[in-house]
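Below: one structure, written as structure tokens.
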Amino acid sequence: MQTGQSHTHGGDRVAAALEAQGVPFVFTLCGGHISPILTASKARGIRVIDCRDEATAVFAADAVARLTGIPGVAAVTAGPGLTNTITALKNAQLAQSAVVLIGGAAPTALQGRGALQDIDQRPLIAPHVKRFTKLRRVADLAPAVAEAFAVAREGVPGPVCIECPVDLLYDETTIRGWYAEAAGKGTSIVDRARRWYLTRHVDNMFAGSDRRTGARARTVHPPLPPDARIAATASALAKAERPLLVIGSQAMSLAGEAGPIAAATAQLGIPVYLSGMARGLLGREHPLQIRHARRNALRESDCVILAGVPCDFRLDYGRHIRRAATLIAANRSSREARLNRRPAIAAIGDAGLFLERLAAKVAHGTKWREWTASLRKRDLDREAEIDAQATVQGEHVNPIGFFRALDRAAGGDAILVADGGDFVATASYIVRPRAPLGWLDPGVFGTLGVGAGFALGAAAARPQSEVWIIFGDGACGYGLVEFDTFVRHRIPVIAVVGNDAAWTQIAREQVKMLKDDVSTVLARTDYHKVAEGFGAAGILVTKNTEVPAALEHARGIARTGRPVLVNVWLDRTDFRAGSISM
Ligand SMILES: Cc1ncc(C[n+]2csc(CCOP(=O)(O)OP(=O)(O)O)c2C)c(N)n1
């Protein structure tokens, strides 16, 4: 679109370009290099949400992208502001999340001359983004923002970074004043040469900026899987006796399509496992959804469809899919479709649209009823075992029983954010996400510390939803300071901390294999008091009997707009014995 408006300064050009993309909020931690972008964004009605760590800003933008399908935006200052984002950027890249990161930079004429926070940012950031754009001209600011939104969304989604030097962001008069002062009034040849050079430099920076042209947004169409591959999949299914569908995060790239994708999945009539962002796609309960013993099911199936799921470690590198089975991979990435296993049919394109189009061709309805029933029987048997484990009484709280209670307590629109080790893995086994896009986890990078940022983004994107963070006590340390942000911005998250005074997922194997718990031991810290210190509510739970009332109490507090942290003293269990984290 053509914004065709005049701007007070470059920061406003960036803000106008964000406004033109319909951006509702920008996550940030301030810095002098980016102030004009932040003030102009606010002036244009974009909500500026300032957090306490740049990584949080990027995690929040990542969550927005995943929940809305529209790129989330973070703005951070030059140098350490940008370097602080690297882990979160890498996480977004590997999770294929469309983040637009706006980074500050030293003034164009001072780069490489020892200016504050001046480093060569490209080699640090470029490996973690789809595109890194270094700007030199004011006229390029808005088009660069528009292009960043298109690049982030197209093909395999991912983060994009735009570097905006500070002297492009202030108004022309101010900048010419700065440069005139730097050029001085000397009369020597060197002085005059410098003045000539700097004047030319500023002229180049502002060249073309008086033209009243705005950013032209490039329309991005999702990649469609070829019809022939969909027809081939339909033929393979017609012959299949025990087909299995596995749907993963990438199938939810078009967040707005979640409803039709769910309807298509239900119509296909194939038993289905949901992973990552696809969890909750079919609601809490659905006769086709199988939750346990995926490895066995993969071994038994004669036709496996992987929709937006690579054969990486989460799928045991594809080892459990039989060689004789027909393997079908629908994926936006041709590399991912072929990772570790070569599929008989590779449908390169959007996996969600693949399911929709396949359902339009295949209506087997009840053809695989017996096969599905056998998988469901195994599921119910496993659930009965879990029920028995959930009632085991110890000194403190049984984590399995705790998640059974949380599963009953959480609201129908809840978004569950997962950040931790064993505690989170137990949650993912037991808690049933309520609806599509009701579960957020880091993805294949396995990054601890995503929780606070993801919750911030989720609460901003879906203000009507209850947002829960399921924190390991180790993991909560990264984001605990963001309770300050939650309080200042009235973000009413409910954090539950599984306090077992250890980095248990690591301790479990380290102690068994190396007979030493060094570096894996924590204390039963009063995390609820830390939250109280920031002005949030804190609740301590040390016994099973206290759990249901504590969770209801926490929900009640959140409904008043206040964030709350529930510190849950856990008993040790062997529920996760044998699972390793490598
Ligand atoms: C940034 C980062 N650092 C370290 C790890 C390694 N790691 C994986 S799980 C885990 C333990 C998590 O402990 P906690 O959050 O307390 O959950 P618990 O396992 O105790 O339930 C660690 C340290 C990681 N995944 N990410």
Quiz item: Got a sec? Which of ASP473, ASP500 is of a type in the set (Asp, Glu), within 16 Å of the ligand (Cβ to nearest atom) and within 26 Å of the chain's Cα centre (by Cα)?
Solution: ASP473
Practice problem: Given the conditions (1) farther than 17 Å from SER275 by Cα; (2) within 23 Å of the chain's Cα centre (by Cα), report the number of the one that ALA325 does not fulfil. | Solution: (2)
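Collect the residues in the range 503-523 that are under 16 Å from CYS476 (Cα atoms) and over 29 Å from the mean Cα position of the chain (by Cα), keeping them in residue-number order.
Just the residues of the range 503-523 that are under 16 Å from CYS476 (Cα atoms), to begin with: 503-506, 520-523.
Once the filter is applied, which keeps residues that are under 16 Å from CYS476 (Cα atoms) and over 29 Å from the mean Cα position of the chain (by Cα), the range 503-523 yields only ALA523.
So in the range 455-470, with the set limited to residues that are within 16 Å of the ligand (Cβ to nearest atom) and of a type in the set (A, V, I, L, M), which one is farthest from GLY69 (Cα to Cα)?
Filtering the range 455-470 for residues within 16 Å of the ligand (Cβ to nearest atom) gives 455, 468-470.
From the residues that got through so far, the ones that are of a type in the set (A, V, I, L, M) too are 455, 469-470.
Numbers: ALA455: 16, ILE469: 21, ILE470: 23 Å.
Filtering the range 455-470 for residues that are within 16 Å of the ligand (Cβ to nearest atom) and of a type in the set (A, V, I, L, M), the one farthest from GLY69 (Cα to Cα) comes out as ILE470.
Here's the yes/no breakdown for (1) surrounded by 13 or more Cβ atoms within 10 Å (Cβ to Cβ); (2) closer than 25 Å to GLY155 by Cα:
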| site | (1), (2) |
| --- | --- |
| GLY349 | yes, yes |
| GLU356 | yes, yes |
| GLU370 | no, no |
| ARG376 | yes, no |
| ARG382 | yes, no |
| GLN389 | yes, no |
| GLU395 | no, no |
Quiz prompt | ALA549 within 16 Å of the ligand (Cβ to nearest atom) and within 17 Å of ASP407 (Cα to Cα) | solution = no
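Is it true that THR133 is within 21 Å of ASN204 (Cα to Cα), hydroxyl-bearing (Ser, Thr, Tyr) and free of Cβ contacts under 8 Å to residues at least 60 places away in the same chain?
On the way: within 21 Å of ASN204 (Cα to Cα): yes; hydroxyl-bearing (Ser, Thr, Tyr): yes; free of Cβ contacts under 8 Å to residues at least 60 places away in the same chain: yes.
Yes.
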Practice problem: Take ASN544 and decide whether it is under 29 Å from ALA435 (Cα atoms), surrounded by 17 or more Cβ atoms within 10 Å (Cβ to Cβ) and either within 27 Å of the chain's Cα centre (by Cα) or within 15 Å of the ligand (Cβ to nearest atom) (or both). | Solution: no
Quiz item: Between a first residue in the range 230-246 that is on the phi < 0 side of the Ramachandran plot and a second residue that is aromatic (Phe, Trp, Tyr) and part of a strand (DSSP E or B), which pairs have beta carbons less than 6 Å apart while being 6 or more apart in sequence or on different chains?
Solution: VAL246/TYR273
Quiz item: Considering only residues of the range 414-429 that are more than 10 Å from the ligand (Cβ to nearest atom) and closer than 13 Å to GLY498 by Cβ, which is surrounded by the most Cβ atoms within 10 Å (Cβ to Cβ)?
Solution: ALA418
Self-check item: Subset of the range 334-353 that is part of a loop (DSSP other than H, G, I, E, B) and in contact with a Leu (Cβ under 9 Å, 6 or more places away or on another chain) - its residue that is nearest to ASP227 (Cα to Cα)
Solution: GLY349
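Each reported figure results from applying straightforward, stated rules to the coordinates on display, with no laboratory input. This is a predicted model, so every value here is computed, not measured. Every residue, glycine among them, receives a Cβ derived from its backbone with ideal geometry; neighbour counts consider all protein chains shown.
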